[in-house]
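No value in this document is a laboratory result; all are computed from the given coordinates. Since the structure is predicted, the reported quantities are computational estimates derived from the model, not experimental observations. Glycine gets a Cβ as well: all are built from the backbone with ideal geometry, and neighbour counts include every protein chain shown.
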Amino acid sequence: MTETGFEPNIIAFVCNWCSYGGADIAGSMRLKYPSNIKLIRVMCSGRVDPEFIMEAFRSGADGVMVLGCHPNDCHYIEGNYKALKRCNMLRPLLDQFNIEQDRLHLDWVSASEGEKFARVSREMNERITKLGPLNWEKAIGPIRSMEVPS
Amino acid sequence: MSDKPKIAIYWCSSCGGCEEAVVDLNEAILDVVDAVDIVFWPVAMDFKYEDVRKLKDGELLASFINGGIRLSEQEEIVKLLREKSQLVFAFGSCAVMGGVPGLANMTDREGIFTRVYKEIESNDNPENRVPETETKLDGKYDLELPEFYDSVYPLDQIIPVDYYIPGCAPSPETITDAFTAILEGKLPEKGSVLSPTKSLCDTCPRKDSKPDKIEIERFVEPHHYDKLDDGRCFLEAGIICMGPATRGGCGERCINANMPCRGCYGPPNNVKDQGVRMMSALSSLIKTDEEKEIPKVIETLPDLIGPLYMYGLPSSILFRKKIK
Amino acid sequence: MNEKERLGFFLCECSKNISGTVDVHKIKDELRKLPDVVTAEVTNLYCSADGKAEIIESIKKNKLTKVVIGGCSVKQHEHTFMKVLEEAGLNPYFMQLVNIREHVAWVTDDKDKATAKALALLKAAYHRVQFHEAFEKKEIDANADVLVVGGGLSGCEAALNLASEERKVYLVETQPSLGGQATKYESSFPSLECCSCMILPKLQEVVENPHIELLTYSDVEEIVGFFGNFEAAINKKAKYVIPDKCIGCNECLAPCPVEVPNECDDFLGKRKAIHFQVTGATPYIPVIDKETCLRFKGEDCTKCRDACMFEAIDYDDEDEKINISVGSVVLATGFESFDPALIPNMHFSPDADVYTGLQFERLISNTGPTSGKLVKRDGTKPKSLVMIHCVGSRDKRYKNYCSNICCSVLLKMSSQILEEKMAEGIRITHLYRDMTIGSTGMENMYEKLKQEGVDFIKIANPNDVSLNSQNGQVQVRLPEKTMTADMVVLGTAMVPNKKADKLIDMMMLSKDEEGFVMPTHRKIDAVSTPIEGVFMVGSASYPKDISHSIIDGSAAAGKIASELKPGKKLEIETLVSTIDEEKCSGCKTCISICPYKAIGYESEKGISVINEILCRGCGSCVAACPSNAITARLFEDNTILAELGGLL
């Protein structure tokens, strides 16, 4: 709980083989990290579409994490490199929209790194708390009738 | 009073190119004029807003509206046309996606007015006057200007749109096909974009020589490249061609003129945000895997929004830049 | 559209592991309020027999269409619950297992927050699961035969382990005989066992195995296809010798007027146009090299045929093109020596007494150009011998890895020289960086050599040593001193056989920075390649000794035997990705990035197509497709976006 009471909404995309396992180990070790970090499982960090990340920010996320396997360890050989390249290009793009680059965090967490998972989650939470809420819908408003005709 | 179907053509924040596109039909425009009655077309005919207000609801078969919406007057008139029309067509990239004027979503009203009316070096505006919605002229006349919104909106964010005719401007073929479909009653389901959905690569003259593997080592702007006419896929040389994320139907005019596609026909059917999809494709094609080298490759492209969202910023997921 | 969904939630208490922190009953009540939720239940252990039965009963009673389970990790029980669904008559993919134990209960102190987080995750799953589609397992016909490229020890081992009545193995070897580089060694470490005696039984087995079709002096020209269905084109080069008639008497050699450098000796000695790979090779058949034979230059030389008493020479022999169908391919193309000419400070003239490791093996081998006599090029016995380790290895300028066996080989060669008294009184000096001798017995050999007076000088980087040959001796210049030696042996790095490059490119295998084909995983799956059904064994994959090369061969054989059963269909991955023909414009972005080369371009339709057998379902292409034309099964855009929407 912060002074302002702001608890960021953070979405973490975790890959089935490494970072999901890392989160599991964090659980087995009973390590604690903020509950506002919510996980979405994908098979590979290479599946994470930059569109998802933008949708997350648009829909209320204050921060997004993409957690994949360490370089050279990807279960699908190079999916994590795809995630790396996409995030590297997405951050400056988000910056141009005036979304702070730190709101998108890419990291490598192996299936055994429970400590790292908890630490990365805590650090992300601190970082985003300092940056404050993004509140994108409000920030770009007012939006005029957004319905797509049926 | 003729029995011909009535149509209206209206422009919002636009350059006039879409009006010219209609004229570009050349002789075919005579067929159009034969087949329909144009009852409202500010650029070419002397009808007034009152004439539109007098129409019955649904009396117009179709309204073709081009330009992005950023003035209250534009919002008012397009809503009026919506009431009076059976079908509303978003005509041209600006109405479909926001268009080039949509790039103004990188700033806001204050930013624009400050730059245009105060900062430009050739201004002669010692009192730093800016347009205001309500002004008293000479102390006695109440003058009202349309409200200038902070953002540019595509047409379908203001009124329900039935069909989209894409392009900046739509090519004569696209326009002719659309008109023919309307007059023959062969329009597809509502909400459709009236152009093939497959992206430009499908019909691109440079497709056959495109290699199976493209590896981008750095991004290059067309004017820095001396082999634009070698007939090879632009992406091979690191030139951003929006073709893969842009629907076809334009006749590849730009490609045939040795210039890469800039995306004016908008994304294929099930793509919501053209810019981010293209960005995903481009970044995935970067050659190096080294963590330290990847940012250097991306730095060769100093501006991302320009090439990726040249026509589609207001219809993108994030809609506009956040002004602090 | 669809019939109305009937969703069921099953929340596991996990013996207080979950319910101790997460208020599952409160969540249950909340979930019941959601549209289309027919039931929300709680039990102690859903993974128990009772728990599973409860789910099955509830599915049947409530006619559930989709199921969400709040419990432990997907890695623990996803399969468990998928089976439960199958038993209840539902497609196993119509469920989502939400981790509210490891990811919520065990990592959150505050109970209210934990409950809120669990509820959020379950709601997200509620949105997601409605988009789940039914997927069925798929099978394809497969050919169980195998193509082994390379008849060295790893290739022979693979072939022997696989060949059976129900499975034919084609073994293609570019040289006239089997055994690869191992045929060059006189002895092997650590025991100095006679190398050819050691390997001969294995090679003989290959020749005699009725289920191995042995194609020596042949090359694979083309391989296309995919796991279970490869087609290969092989060029069986003309030997001009009839194998059944030749008894290996060697009489044809002497009369041949052509003499050229012998590549089988790493160009140390010479051979005739008609030649055996090495004396005693298996099969022991000579071949006529048409590049050097006078007949192919227009002359009517018949000297070898005249000398043959068995009419085994056939000048009318021709290359034969053979097409085969196999299900799997093993690449055992081996290694070659790093070329020391790439090291500028180690330039020496061709007549200098400086040898690469492989050349020196030939020099001290009974089947070599000097019949095993250790003599200098001028025929005299050397009194001093310097052996330099790490030549070309462990150096960013050349090859930045350790070639694993060279230290052992150089020690072996020193031992052999001393044991067999090949040069009485010879003074041997080793210049080494680190003594990397991990194999059993090598420490003893090292100690013994030190005791026998062999000098070991540790230097920083042997690649910085300068060589200068003059007056029949070699000057070896180190930073602090200069030595003179009668002979120098360079322990050169092992690099992949360049002749395999064309095949490797054709099969679209990727190489790492050092030029070795990348396996599926260097630690967990080192003989498989990302191309399903294609394996890489032996030193072609990474420098290794004979024992590990043979192990590689067995490993690949084991994998093929368990995955490609004769007469059985191949089950392929269900959760693959597919490209919508109507949406694909053939931009080929996906083809560029697929690590499994599972996507091909169909030029007639102008679209890209995913080979569902090769696709592993990673989804990289799905995220990259600029037209959004690709769908990843079970991880479609709409499922992930639904989950995301449910969380925010």
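Where the centroid of each part is defined by its Cα atoms, how far is the range B:257-324 from the range C:436-507 in Å?
That distance is 54 Å.
Mind listing which GluC sites (Glu not before Pro) in the range C:493-564 are in a DSSP loop and have 10 or fewer other Cβ atoms within 10 Å?
For GluC sites (Glu not before Pro) across the range C:493-564 that sit outside H, G, I, E and B with at most 10 neighbouring Cβ atoms in 10 Å, the list reads C:Glu513.
Report the label-to-label distance for B:Ser209 and A:Asn98 in nanometres (one decimal), using points 7 Å from each Cα along the Cα→Cβ vector.
4.5 nm
Quick check on the protein assembly as shown: of the DSSP beta bridges with both residues there, what percent are antiparallel, nearest 5%?
Beta bridges within the protein assembly as shown, antiparallel portion: roughly 40 percent.
Counting pairs of alpha carbon atoms under 8 Å apart in space and at least six apart in sequence, what relative contact order in percent does chain B give?
Here the relative contact order equals 18 percent.
Just how far, in whole angstrom, is the range A:36-97 from the range C:49-87 if you go by their alpha carbon centroids?
The distance from the Cα centre of the range C:49-87 to that of the range A:36-97 comes to 31 Å.
Which ³J(HN,Hα) values in Hz, rounded to whole numbers, follow from the phi angles of the range B:171-188 under the Karplus curve 6.51 cos²θ - 1.76 cosθ + 1.60, where θ = phi - 60° and Gly and Pro get x?
Residue by residue, the range B:171-188 yields 6, x, 5, 4, 5, 4, 4, 5, 4, 4, 4, 5, 5, 8, x, 10, 6, x Hz.
May I ask for the distance between the Cα centers of the range B:59-87 and the range B:198-214, given as a whole number of Å?
Their Cα centres are 38 Å away from one another.
With contacts defined as alpha carbon pairs under 8 Å and 6 or more residues apart, what's the relative contact order of the range B:106-149 in percent?
31 percent
Within the range C:511-551, find all residues whose amide N lies under 18 Å from a label point positioned 7 Å from the Cα of B:Thr288 along Cα-to-beta-carbon.
The answer is C:513-514.
Taking the Cα-to-Cβ direction at C:Arg477 and at C:Asn62 and moving 7 Å from each Cα, how far apart do the two end points lie in nm?
So the two model labels end up 8.6 nm from each other.
Below 8 Å between Cα atoms, with a sequence gap of 6+, how large is the relative contact order for chain C in percent?
14 percent
So for C:Val107, C:Val476, C:Val375, fewest C-beta neighbours within 10 Å to most, what's the order?
Going from least to most buried by this count: C:Val375, C:Val476, C:Val107.
Can you give the helix-only mean residue ellipticity at 222 nm for chain B, where every DSSP H stretch with n ≥ 4 adds -39500 (n - 2.57) and the sum goes over all residues, rounded to the nearest 500 deg cm²/dmol?
Calculated at 222 nm, the ellipticity per residue is -6500 deg cm²/dmol.
Quick check on chain C: of the DSSP beta bridges with both residues there, what percent are antiparallel, nearest 5%?
50 percent
Work out the charge dipole of the protein assembly as shown with +1 on the Cβ of Lys and Arg and -1 on the Cβ of Asp and Glu about the Cα centre, then indicate which of C:Met506, B:Val43, C:Gln277 is farthest towards its positive end.
C:Gln277
Within 10 Å of each residue's Cβ, count the other Cβ atoms and sort C:His127, C:His430 from fewest upward.
In order of increasing Cβ crowding within 10 Å: C:His127, C:His430.
What is the magnitude of the charge dipole of the range B:106-149 about its Cα centre, with +1 placed on the Cβ of each Lys and Arg, -1 on the Cβ of each Asp and Glu, and no other charges, expressed in debye to the nearest 20?
Charge dipole of the range B:106-149: 60 debye, to the nearest 20.
Between B:Asp124 and B:Asp37, what's the calculated FRET efficiency when r is the beta-carbon distance and R0 is 60 Å? Round to 0.05.
0.85
With charges only on Cβ, +1 for K and R and -1 for D and E, what is the dipole size of chain A about its Cα centre, in debye, rounded to 20?
80 debye
As a footprinting exposure proxy, order A:Cys15, C:Cys194 by other Cβ within 10 Å, with the fewest listed first.
Result, fewest neighbours first: C:Cys194, A:Cys15.
Between C:Ser48 and C:Lys448, what is the label-point separation in nm under the 7 Å Cα-to-beta-carbon projection?
Distance between the two pseudo-spin positions: 6.5 nm.
Just want the answer: with Cβ charges of +1 for Lys and Arg and -1 for Asp and Glu, which residue in C:Gln96, C:Ile428, B:Gly185 is farthest toward the dipole's positive end in the protein assembly as shown?
Towards the positive end, the residue furthest out is C:Ile428.
At 222 nm, what helix-only mean residue ellipticity would chain C give, in deg cm²/dmol to the nearest 500, using -39500 (n - 2.57) for each DSSP H run of four or more?
Computed ellipticity for chain C at 222 nm equals -7500 deg cm²/dmol.
PRE reach from B:Val116 (point 7 Å along Cα→Cβ): which of the range B:153-178 fall under 16 Å by backbone N?
B:153
Using +1 at the Cβ of each Lys and Arg and -1 at the Cβ of each Asp and Glu in the range B:196-319, identify which of B:Leu318, B:Pro196, B:Cys261 lies farthest towards the dipole's positive end.
B:Pro196
Can you work out ³J(HN,Hα) from phi for every residue in the range C:228-244, in order, using Karplus 6.51 cos²θ - 1.76 cosθ + 1.60 and θ = phi - 60°, giving whole Hz and x for Gly and Pro?
Per residue, the Karplus-derived 3J(HN,Hα) values read x, 8, 9, 10, 10, 10, 10, 9, 8, 5, 5, 8, 6, 10, 8, x, 5 Hz.
With +1 on each Lys and Arg Cβ and -1 on each Asp and Glu Cβ, how big is the dipole of the range C:324-428 about its Cα centre, in debye rounded to the nearest 20?
220 debye
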